[in-house]
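Heads up: the structure comes next, in structure tokens.
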Amino acid sequence: MDRVDHEHEGPTGILGLFHKLKKLISRHEITKELEELKARAIEASERHKRYSFMEQPAHRSRSYAVDPRLPALYEEIDRLVGIAGPKKEVIELLAMKMNGSSSAKLRVVSIAGCRGLGKTTLAKQVYDTIRSQFSCAAFASVSQTPDVRKILRDIAKGVGLIQNTGDDDEQQLIDKLRGYLQDKRYLVVLDDVWDTEAWKIIKLALLNNDHGSRIITTTRNARIASFISSQCGNVYQMKPLSFNDSKRLIFERAFGSESLSCTHLGSVPDELLRKCGGLPLAIITIASILNDQHAKSEWDRVLNDIGYALARNSGAGTMTTILSLSYFDIPQHLRSCLLYLSVFPEDYEIKKQHLINRWTAEGLVHAEQGRTKYEIAESYFNDLINRSMIQPIDVKYGQAKACRVHDIILDYIKCKASEENFVTSIDAVGHGYTSDYKVRRLCVSNYNEGNTTLWASKILTQVRSVTIFGLPVKTSLLPSTALRVLDIGDCRGMNDHHLASIERLFHLMYLRLCSRSIHKLPEKIGELQYLQTLDVQGTSINELPLTIAKLQRLSHLYVNREVKFQDGMIGQMLSLEEMRVYGVQSCDQWKSLQEFGRLTKLKILEIKWNSDMPDGSEGIIQAKAIQTYVGTLLSLCNLQNLYITDASRMYPLSLESWHPDASCGLRNLWLKGFPIYKVPNWIVSLGNLRVLKLWIFFLRPEDIVILGAIPSLVLLKLTTAGGTSGRIIIHGSDGFRSLKYFYLSIGCCGTALEFGARSMPKVEHLNLVLCVHKMEFRNGACSFGIQHLLALSRVEFQIRGYCWDDNECDPTVDEYDGTIRCVTRAINTSVETLPNRPIVKFTNAKRDQCDHFEHRFREFNKEHGGFLTEWLKLWRIEGPEEKLMDEEEEQTISEGKSRRGINE
């Protein structure tokens, strides 16, 4: 391709004959090389047969959904084994007085221990338990090669410092943090501190303000822990799990029950646990291999495979042996995917979508009949989670959006990747790669502020993948025409000139950029005929060149909402499967949505609206046109995920005119920024719909019935102003038989919410955002019937009312507003009766103005020419205006403001 096919049409005449002769010579040379490669392949095949490599055991089976017990193992405190005692001790260390000093002084507790003991898990559980006692809180990872600037930005983001800090250096970030935290009681967790130098810089931002602030650190090094806590704190030395806790953990992880009778296994579990030495990660690793394996022979096999060498080793050696067992237990194709994760640094959050796209571009995903490559790669991802080789992030009902690799496993796979010349990782400061093997996949970590030069060498001539973290290196990024993956999305400081001659990479399949210094793509990018993924989110690119339409293999396109597409471009991208984010700057651009109708392979589309609609009749006319254009998207039978968000000042849409095809495969439908009049009847026909997010102007009983009839609905998020006749009642006969997560936000006062007996039988997570500072809102019992949701495991309740202090107030205390206190206590009482004893979390949002839904709708209708008049009758909003606040309530509010000393 490089020497023959990729050349443009050559000259004519005598020069043309010479050009053809040159091609013939090239073809002859290539043929000779291919014959040599074929001979080597035959030799390798015969050698493979000679060594008689065994096939994968038949008992290994694939699973395509994330083990539901694994997220609970990391997140749910009640299900973590052996964590209650250490958590209590750490909290006591944070609260106790030392040397007679006041508890208002800054306190630091450093959690120390070897790999795999669960330091991060313990710190996270303490953080989640006590963070509500502080004005602000942040959890940041430090890692072995700390980027102090990034850590300071993470802390700033966590504590709520909303100023733009993206371009600040360390000194500017420290100054801003010190100023912001000066009068706040803060909690900060610094996870995985490796050296004292990073701590010394970070500590400058965390001043002692005598407000009772607390810092928690975790480290593997006892000396570092002592140094961090020497001035104003303590060291908590983690201990291995007790034998009983270890036994509970292995049975909980392997069989889903710690009380299961396993007497038929004899002493094998005890012998396995003795080899694990109380390390939670080691126990989880072993248990993942034995998941649902009840046969004693399987437990014997694992015990024998570990061997006597494990008993003689300790510490890191023990863990390495266990990890080797787990590593060689997985299929070969999955090992390659696991080794590929070694390109990412410690504590890096790896997005599933990006990882799958990279795996595919690298050729690590094997095709199977009847399944897409994405589905196959997703099963790889989930299988690695189930085997405890990667940690899931943001798991909801069987799907994780991202993952992270545990430090122990990352160290192990980095060594393996280096041994097998699978990935070459280079610290640019070390200037170092000395092997004679040619590099296949190159990962460069360059945090040197100087001009780092990456040498030129023949070992880079056949590199297939280049990933750079930190700063650009002073060399060409185009050493090889064989390059398939170029990921410089985590390389800040990239400029337009770095992309010069990118058309030479005609094998390129994956390109990711994220530097704000990149303002445009080269016109010749259209020559990358094999490009499958183009990700320019985070750059300053506002317009794509017309040549993008020539990329006939482009299947995944990620751009900023500001990016403009010229007319006709979208309709030419016939291979496009995913588009994020298509920004609409004006109403005229909605017409371009019709172009997506030509894309028969499109599965994921995200649209963001960036402009307000005009008032009056013109806005109503545009709203009707927009609903027609959006309706065309539902006619795309292959579309699986449709997200339309961020619309503002939109007129309500009527969805009744939309008629999706019976074969419509929609799984996720978000209309978060588009208010609708009512839920359309056709939505019940979406048999594959799992996630639905709607903004309904006013919720009727008929809407509840229609939503409840959607057969596969798992997650439902509704935003509304109120309910018909001041009530939203969900009966046991209303369906919702598959629903597990329910979010409801009621924006105005005057509506009572009630869950009836046997309603929503599978809902595990309930999230309510309600106004409770008007007595009309209750209109009945304060508990909302939550005691009828028998499957609940988590309840979140955001209260919008007269909060005296947004950050510090507890809505359940006696001195709090009577209505709010009544509701919160009633909810707590109801929750205590449920079998799963759900976790309950209350948050506050101050709202001084009380708007009854009837008043809100009348005002809205008046402001917009009365277009809601007929709907108001349908919603039973009629009659004279009601007074919004009586004198007693106004007096209560006034007294409350006086107590707070607020000057309005």
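Picking from LYS239, LYS247, which residue would you name as being part of a helix (DSSP H, G or I), basic (Lys, Arg), in contact (Cβ under 8 Å) with a residue 12 or more places away in the chain and surrounded by fewer than 23 Cβ atoms within 10 Å (Cβ to Cβ)?
Step by step, each of LYS239, LYS247 is checked, and only LYS247 is part of a helix (DSSP H, G or I), basic (Lys, Arg), in contact (Cβ under 8 Å) with a residue 12 or more places away in the chain and surrounded by fewer than 23 Cβ atoms within 10 Å (Cβ to Cβ).
Could you list, in sequence order, the residues of region 422-445 that are modelled with pLDDT of 80 or more and in a strand (DSSP E or B)? THR424, SER425, ILE426, ARG441, LEU442, CYS443, VAL444, SER445 - these are the residues of region 422-445 that are modelled with pLDDT of 80 or more and in a strand (DSSP E or B). Residues in region 702-729 that are over 28 Å from the mean Cα position of the chain (by Cα) and over 17 Å from PRO680 (Cβ atoms): ALA721, GLY722, GLY723, THR724, SER725, GLY726, ARG727, ILE728, ILE729.
The residues of region 366-392 that are within 29 Å of ILE283 (Cα to Cα), surrounded by fewer than 21 Cβ atoms within 10 Å (Cβ to Cβ) and among the hydroxyl-bearing types (Ser, Thr, Tyr) amount to a single one, SER379.
Total residues in region 651-670 satisfying the condition of being in a strand (DSSP E or B) and at pLDDT 85 or above: the figure is 3. Checking LYS184 against (1) open to solvent by 60 Å² or more (accessible area, probe 1.4 Å); (2) more than 22 Å from LEU122 (Cα to Cα), which single condition isn't satisfied? LYS184 satisfies every listed condition except (1). From the list TYR348, TYR380, the lone residue that is hydroxyl-bearing (Ser, Thr, Tyr) and not in a helix (DSSP H, G or I) is TYR348.
Output the residues belonging to region 712-754 that are part of a helix (DSSP H, G or I), within 21 Å of LEU790 (Cα to Cα) and open to solvent by less than 40 Å² (accessible area, probe 1.4 Å). Result: GLY732, ASP734. The residue pairs whose first member lies in region 744-759 and is on the phi > 0 side of the Ramachandran plot and in contact (Cβ under 8 Å) with a residue 60 or more places away in the chain, whose second member is open to solvent by 10 Å² or more (accessible area, probe 1.4 Å) and among the acidic types (Asp, Glu), and whose beta carbons are closer than 8 Å, counting only pairs six or more residues apart or on different chains, are GLY750/GLU776; GLY750/GLU854.
Residues in region 546-561 include at least one that is at pLDDT below 90 and farther than 19 Å from ARG464 by Cβ.
Of all residue pairs spaced 6 or more apart or on separate chains, those with beta-carbon atoms under 6 Å, a first member in region 631-643 that is under 13 Å from MET579 (Cβ atoms) and a second member that is of a type in the set (Gly, Ala, Ser) are GLN640/GLY665. Among the residues making up region 112-152, none is more than 16 Å from LEU187 (Cα to Cα), open to solvent by less than 10 Å² (accessible area, probe 1.4 Å) and either out of contact with any helix residue (DSSP H, G or I) (no Cβ under 8 Å at 6 or more places or on another chain) or modelled with pLDDT of 90 or more (or both).
What residue, of VAL423, VAL395, is under 14 Å from the mean Cα position of the chain (by Cα) and buried (at least 19 other Cβ atoms within 10 Å of the Cβ)?
Just a single option satisfies the conditions, and that option is VAL395.
Which residues, counting only those in region 617-650, are touching a Ser or Thr at 6+ places or on another chain (Cβ under 9 Å), in a loop (DSSP other than H, G, I, E, B) and modelled with pLDDT of 70 or more? Result: LEU636, ASN638.
Cβ-Cβ distances below 9 Å connect the following pairs, each with a first residue in region 681-709 that is charged (D, E, K, R), a second residue that is open to solvent by 10 Å² or more (accessible area, probe 1.4 Å) and part of a loop (DSSP other than H, G, I, E, B), and a separation of six or more residues or different chains: ARG690/TYR397; ARG690/ARG667; ARG690/SER712; ARG690/VAL714; ARG690/SER738; ARG700/LYS678; GLU702/LYS678; ASP703/LYS678. Regarding region 407-420, can at least one residue be identified that is surrounded by fewer than 18 Cβ atoms within 10 Å (Cβ to Cβ) and at pLDDT below 75? No, because not a single residue in region 407-420 is surrounded by fewer than 18 Cβ atoms within 10 Å (Cβ to Cβ) and at pLDDT below 75. Scanning region 209-217 finds no residues that are part of a helix (DSSP H, G or I), in contact with a helix residue (DSSP H, G or I) (Cβ under 7 Å, 6 or more places away or on another chain), modelled with pLDDT of 90 or more and on the phi < 0 side of the Ramachandran plot.
Among the residues examined, GLY538 does not qualify as within 20 Å of ALA625 (Cα to Cα) and outside any helix (DSSP H, G or I).
In the condition set (1) farther than 27 Å from SER336 by Cβ; (2) modelled with pLDDT of 65 or more, GLY450 is compliant with all but (2).
The values are calculated or read from the model by the stated rules, or taken from the named source; none is laboratory data. All values reported here derive from a predicted model rather than from experimental measurement. Cβ: placed from backbone, ideal geometry, glycine included. Neighbour counts: every protein chain shown. Areas reflect the complete protein model, heavy atoms only, side chains present, ligands, DNA and RNA absent. Shrake-Rupley method; radii C 1.70, N 1.55, O 1.52, S 1.80 Å.
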